[in-house]
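The values are calculated or read from the model by the stated rules, or taken from the named source; none is laboratory data. In this text, all values refer to a predicted model and were calculated from it rather than measured experimentally. Heads up, the Cβs are rebuilt from the backbone with ideal geometry, glycines too, and the neighbour counts pull from every protein chain shown.
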């Protein structure tokens with residue numbers, strides 16, 4: 001009798017833990033903060049282990065993913081995608097309940113929130129003769145595989161360009177505070193003054209904006225801007241200038257914490273903070289030119305989108321505009337530059353670099369970087 005009970009228990013355990021059949025191809029869409037992401041999963045099972053791969057389309061951007069830690073226990077399928085966003089490794093955790101023709105997924109993005117959606121089984125698409133494998137073009141936080149049509153248009157940075165040199169003059173990097181009427185609080189920004197700075201002469205100013213996961217310390221932590229500008233000025237490749245690195249998140253709690261995506265509206269509010277608080281503070285405390293020809297605005301990712309939006313929207317303030325891997329907050333070219341002739345005649349200098357920006361490609365690495373290229377064509381002012 002005991003043996004029978006044990007046998008029944010073992011059968012029950014084996015039955016309850018037998019893995020669902022998820023082998024094949026599945027499709028699912030998640031409505032996320034960066035747009036609708038369409039996943040096409042393939043789940044080959046080899047030697048009792050499930051391997052999880054997917055091709056992902058996000059608003060026309062495509063990437064290929066091989067997931068980590070895939071497990072199939074009973075009808076529960078779990079795996080993790082690692083994405084690098086603003087120099088941070090963010091885990092995207094998937095958990096799904098499988099049946100014969102569907103998998104009910106929950107997709108959790110770090111601390112940024114989660115989405116639920118149902119995947120359905122589809123027949124695997126058969127490859128067409130002559131089709132080459134798709135090159136990955138990057139996308140939000142993704143990598144890029146270069147192809148034969150990608151051409152390097154900028155030289156590699158000189159070796160040691162961000163290392164401290166002996167025998168040259170050095171500038172100063174300092175964190176300052178200022179009152180923001182826009183936000184209603186005291187805020188901070190990092191300011192570089194060039195070697196030999198003196199109130200007896202005027203200096204041009206570069207306002208340099210960070211990405212969505214950064215703050216006023218971002219450039220100092222990852223790019224050593226003081227050493228970079230010291231070396232460029234010493235080599236005669238840059239004129240002595242003041243570089244201002246503010247916090248582009250215009251709200252009382254301006255820390256890059258929690259759901260940074262949900263705080264994106266604060267980056268739009270920063271336009272008023274920049275024009276009405278940051279620039280007047282710099283012009284009152286430092287010896288600067290105040291005309292547009294000596295004022296530049298540049299930024300990375302979210303800061304690149306801010307740069308294009310604010311720069312073209314305030315051409316009386318900025319003659320130099322640089323968007324680097326500009327994020328999807330960038331407005332469309334026709335909205336940014338409604339009158340190309342007027343923009344050209346104003347002498348606006350547009351510079352842009354696409355994602356992984358040392359290369360020029362027949363395909364754009366991000367949907368809004370292509371906006372920068374369209375703006376360049378729109379203005380016929382090149383890069």
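Numerical summary
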item: Segment 204-224, subset part of a strand (DSSP E or B) and within 18 Å of the chain's Cα centre (by Cα), residue surrounded by the most Cβ atoms within 10 Å (Cβ to Cβ); result: 209
item: Residue that is modelled with the lowest pLDDT, among those in segment 163-175 that are in a loop (DSSP other than H, G, I, E, B), in contact with a helix residue (DSSP H, G or I) (Cβ under 6 Å, 6 or more places away or on another chain) and more than 13 Å from residue 235 (Cβ to Cβ); result: 164
item: Residue in segment 307-318 that is within 28 Å of residue 170 (Cα to Cα) and in a loop (DSSP other than H, G, I, E, B) present; result: yes
item: Among (1) surrounded by fewer than 21 Cβ atoms within 10 Å (Cβ to Cβ); (2) closer than 20 Å to residue 161 by Cβ; (3) in contact (Cβ under 8 Å) with a residue 40 or more places away in the chain - the single one residue 230 does not satisfy; result: (1)
item: Single residue of segment 70-83 satisfying the filter (more than 26 Å from the chain's Cα centre (by Cα) and part of a strand (DSSP E or B)) that is surrounded by the fewest Cβ atoms within 10 Å (Cβ to Cβ); result: 73
item: Residue that is surrounded by the fewest Cβ atoms within 10 Å (Cβ to Cβ) [pool: residues in segment 84-121 that are modelled with pLDDT under 85 and outside any loop (DSSP other than H, G, I, E, B)]; result: 89
item: The lone exception for residue 76 - which of (1) in contact with a strand residue (DSSP E or B) (Cβ under 7 Å, 6 or more places away or on another chain); (2) at pLDDT below 75 it fails; result: (2)
item: In segment 174-203, residue nearest to residue 297 (Cα to Cα) [restricted to those that are out of contact with any strand residue (DSSP E or B) (no Cβ under 6 Å at 6 or more places or on another chain) and surrounded by 20 or more Cβ atoms within 10 Å (Cβ to Cβ)]; result: 194
item: Check on residue 324, touching a strand residue (DSSP E or B) at 6+ places or on another chain (Cβ under 6 Å), at pLDDT 80 or above and assigned by TED's automatic domain parsing to the domain that holds residue 267; result: yes
item: Hey, residue 261 surrounded by fewer than 23 Cβ atoms within 10 Å (Cβ to Cβ) and over 26 Å from residue 110 (Cβ atoms) or not; result: no
item: Qualifying residue in segment 267-284 (condition: modelled with pLDDT under 95 and under 25 Å from residue 186 (Cα atoms)); result: yes
item: Residue match in segment 195-202 (condition: touching a residue at least 40 places away in the same chain (Cβ under 8 Å) and either within 26 Å of residue 325 (Cα to Cα) or in a helix (DSSP H, G or I) (or both)); result: no
item: Residue in segment 293-303 that is surrounded by fewer than 19 Cβ atoms within 10 Å (Cβ to Cβ), within 24 Å of residue 61 (Cβ to Cβ) and out of contact with any helix residue (DSSP H, G or I) (no Cβ under 6 Å at 6 or more places or on another chain) present; result: no
